[in-house]
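One structure coming up, written as structure tokens, with questions to follow.
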Amino acid sequence: METLKIRYLSDKIEKLRFIDGKSDWIDLRSAEEVNMKAGEARLISLGIAVQLPKGYEAHVVPRSSTFKNFGLIQTNHMGVIDESYCGDHDEWKVPVMAVRDTCIHVNDRICQFRIMAHQPALQFEEVEHLEGCDRGGFGTTGKQ
Ligand SMILES: O=c1ccn([C@H]2C[C@H](O)[C@@H](COP(=O)(O)OP(=O)(O)OP(=O)(O)O)O2)c(=O)[nH]1
């Protein structure tokens, strides 16, 4: 079991819940009332600042139903919350674009997150040739 220290920046949203056995992704809620026109892009505040457990980052993605319910696309496709983003005012936000006129209410569940262990330290070794066989390059395996 890991502990996330969480500071709520809004008293209008429900507290985060880890629902064991259903899905270990945790839903996140809009902390603001948002009206958007088709084609508009903006950040939506999620009303929380979090200190992640040591050695972890968090990944934020849309819920499967987010597009159907709100007509929203997450413009960074997957948000990466660094372990160092852990101060009182480091509020989590989600960047979105509306494909239709839409309204998001306070407390609506608009995205979800999980934590992931950091990858190991990496180094880059420059070489003239790789040992692998050429596979043919990008997009060369056909359609079916
Ligand atoms: O969907 C997101 C993505 C990022 N962040 C916060 C947490 C993250 O640690 C910080 C910086 O994100 P990132 O490094 O991906 O963005 P950047 O464009 O490189 O900005 P920066 O110059 O702040 O690193 O912004 C969010 O709240 N939501």
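Throughout, read-outs are computed from the coordinates displayed, never taken from laboratory work. Quick caveat: nothing in here was measured; it's all calculated off a predicted structure. FYI the Cβ positions are ideal-geometry reconstructions off the backbone, even for glycines, and counts take in every protein chain you see.
In sequence order, what are the phi-derived ³J(HN,Hα) couplings for the stretch 135-142 according to the Karplus relation 6.51 cos²θ - 1.76 cosθ + 1.60 with θ = phi - 60°, rounded to whole Hz, with x for glycine and proline?
With coefficients 6.51, -1.76 and 1.60, one gets 9, x, x, 5, x, 10, 8, x Hz.
Another question about this same structure. Å³ per residue of the Cα convex hull, for the chain?
Cα convex hull per residue, to the nearest whole number: 205 Å³.
Then there's this: Given the Cα-Cα distance of PHE18 and ARG135 and 0.36 nm per residue of separation, how much length would full extension add, in nm?
37.9 nm
While we're looking at this one, here's another question. If amide H atoms are built 1.01 Å from N in the plane of the peptide, which residues on other chains or at least 5 residues away come under 5 Å of the amide H of GLU40?
ALA98
Work out the count of Lys pairs in the stretch 1-116 where the Cα-Cα distance is under 23 Å, with the pair 8 or more places apart or on different chains.
So the count of such lysine pairs works out to 12.
What is the gain in length, in nm to one decimal, between GLN51 and GLU32 on full extension, counting 0.36 nm per residue of separation less the C-alpha to C-alpha distance?
4.6 nm
Toward the positive end of the charge dipole of the stretch 14-144, about the Cα centre and with charges on Cβ (Lys, Arg +1; Asp, Glu -1), which of GLY87, ASN107, VAL127 goes farthest?
About the Cα centre, the residue reaching furthest to the positive side is ASN107.
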